[in-house]
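Reading through the structure tokens given below for one structure.
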């Protein structure tokens, strides 16, 4: 879905969200008022209010009586897949390399999770990514998506792109939560090659089934983490 086809409130939401994520608004900043946003986007105030309320739900802002919309910060990630450096600041030096481009496959399950009959019948879109921080491999990520109403997804360039942002802005699919299983394993040959570690090096494996706002549509992934220089953290 192109930006021109987005609902009006979504255009306001995506604009403000991108401004926050890119650091144009930082925690503690006050967003423009409903009147200012209504004038800027030439929209009715209830439409603007809907966008602001969505930013509240997603954790970007808080609304305070008599003050307006105050920026909280970037929304928290799903699960515990946030990085904290144990040696130096990350500084957003994240690079994503595509190991296997998106391809269509049949499936009966996904990393030990049951898929719905509808998902199984539709088949899946399968791809693999290696993610580096400061040129050090940290994540090896295998993802499987139901091939349901994702036109031209296999033609998209996922290199250095956020999967969640692509799904949200182009397909109106938003992450809502999910479940994950965590395993401590030893590096096999594939992990040795990708992470440049010795055989048997400790690796964290996370198998995830992620719920979305689309009924019966889930994201499935298996993520291998090299935490030698980076710690995983999250809030609960």
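The values are calculated or read from the model by the stated rules, or taken from the named source; none is laboratory data. Bear in mind that the values here come from a model prediction, so they are computed numbers and not experimental data. Here the Cβ is made from the backbone with ideal geometry for all residues, glycine too, and neighbour counts use every protein chain on show.
Here are the numbers for the structure shown:
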| quantity | calculated |
| --- | --- |
| Index of the failed condition, residue 25 passing every other in (1) more than 20 Å from residue 169 (Cβ to Cβ); (2) not in a helix (DSSP H, G or I) | (1) |
| Any hit, segment 198-211, residues being at pLDDT 95 or above, under 26 Å from residue 6 (Cβ atoms) and either surrounded by fewer than 17 Cβ atoms within 10 Å (Cβ to Cβ) or in contact with a strand residue (DSSP E or B) (Cβ under 8 Å, 6 or more places away or on another chain) (or both) | no |
| Test for residue 161: is it within 18 Å of the chain's Cα centre (by Cα) and either loosely packed, with under 14 Cβ neighbours inside 10 Å or assigned by TED's automatic domain parsing to the domain that holds residue 7 (or both) | yes |
| Residue in segment 174-181 that is surrounded by 13 or more Cβ atoms within 10 Å (Cβ to Cβ), assigned by TED's automatic domain parsing to the domain that holds residue 118 and farther than 16 Å from residue 146 by Cβ present | yes |
| Filtered residue count, segment 126-136, keeping only those that are in contact with a helix residue (DSSP H, G or I) (Cβ under 9 Å, 6 or more places away or on another chain) and surrounded by fewer than 20 Cβ atoms within 10 Å (Cβ to Cβ) | 2 |
| Complete set of residues in segment 216-229 that are farther than 19 Å from residue 108 by Cα and either over 19 Å from the mean Cα position of the chain (by Cα) or not in a strand (DSSP E or B) (or both) | 226, 227, 228, 229 |
| Pick from segment 81-135, criterion modelled with pLDDT under 90 and farther than 22 Å from residue 158 by Cα, ranking: nearest to the chain's Cα centre (by Cα) | 84 |
